[in-house]
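Presented below is the structure to which this report refers.
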Amino acid sequence: MANPFQEQLLKAGLVDEKRVKKVRHDEARKRKGQPRDKTEAAPDPALKAAEEARRLEAERSRELNRRQKEAAERRALEAQVRQLVDTHRLSRKDAELPYHFQHGSAVRRILVTREQRDRLGNGRLGIVTLDDEHYDIVPREAAEKIRERDASRLVLLNEPAQKTEKDEDDPYAGYEVPDDLMW
């Protein structure tokens, strides 16, 4: 040990051997003219420019990856909706009755059977579209799944009618008004 002051501090127990070695190491670096750590080094403009370019490139790459991921998710949801419609679509082969409904600002018409018209009115069937031109009828469960994935594809899904308690004094209790009554 060349520094008597360090020896005295070490003997007194005020510093430990590890601290003495660190101080010696720092002094040796200063004598050689090396910076103590990287923060003391003079910043190189080319290095800064390269660092900034890497940062911008990484940011662009993250944004591109995010957009691609969102597009892939949209395509996957669209494929799921298409599959739900294809597997649950009800046949309208013998349909002869018009059923009118509103889609956007226009009133549309679809031909249905008598049973399908009743079930559409009761909320047990729904109307969905894939391309805003062609409409399909699906069961309520499939319509709910389609709503979860893409609510814009669900055109009509009536709420099921709730049974109300009948008044015992109602004079017209035995005369039910049919749902398909046409005036």
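Observations on the model:
- With 5 Å bins beginning at zero, the pair-distance distribution over Cα atoms of segment 98-163 amounts to 4, 18, 30, 27, 17, 4, 1, 0 %.
- Where N is the number of residues in the chain, Cα Rg divided by 2.2 N^0.38 Å: 2.43
- Dipole magnitude (debye, nearest 20) for segment 48-183, charges at Cβ of Lys, Arg, Asp, Glu: 1120
- Candidate residues 145, 30: accessible-area rank, largest first, probe 1.4 Å: 30, 145
- Distance histogram in 5 Å bins (all Cα pairs of segment 54-104, percent per bin): 4, 15, 10, 13, 13, 10, 9, 7, 6, 5, 4, 3, 1, 0
- Listed peptides 51-60, 126-135 appear in the order 126-135, 51-60 once ranked by packing, highest mean of other Cβ atoms within 10 Å at the front.
- Of the residues 152, 177, 14, the one whose Cα sits farthest towards the positive end of the charge dipole of the chain is 14 (charges of +1 on Lys and Arg Cβ, -1 on Asp and Glu Cβ, taken about the Cα centre).
- Point-charge dipole on Cβ atoms (K/R +1, D/E -1) for segment 54-104, about Cα centre, debye to 20: 400
- Shape of segment 77-128, Cα gyration tensor, a/c cut at 1.5: oblate
The values are calculated or read from the model by the stated rules, or taken from the named source; none is laboratory data. Since we're looking at a predicted model, the values are computed, not measured. Neighbour counts are summed over all protein chains in view; Cβ atoms, including those assigned to glycine, are modelled from backbone coordinates with ideal geometry. Calculation scope for accessible area: heavy atoms of the full protein, side chains included, ligands and nucleic acids excluded. Shrake-Rupley method; radii C 1.70, N 1.55, O 1.52, S 1.80 Å.
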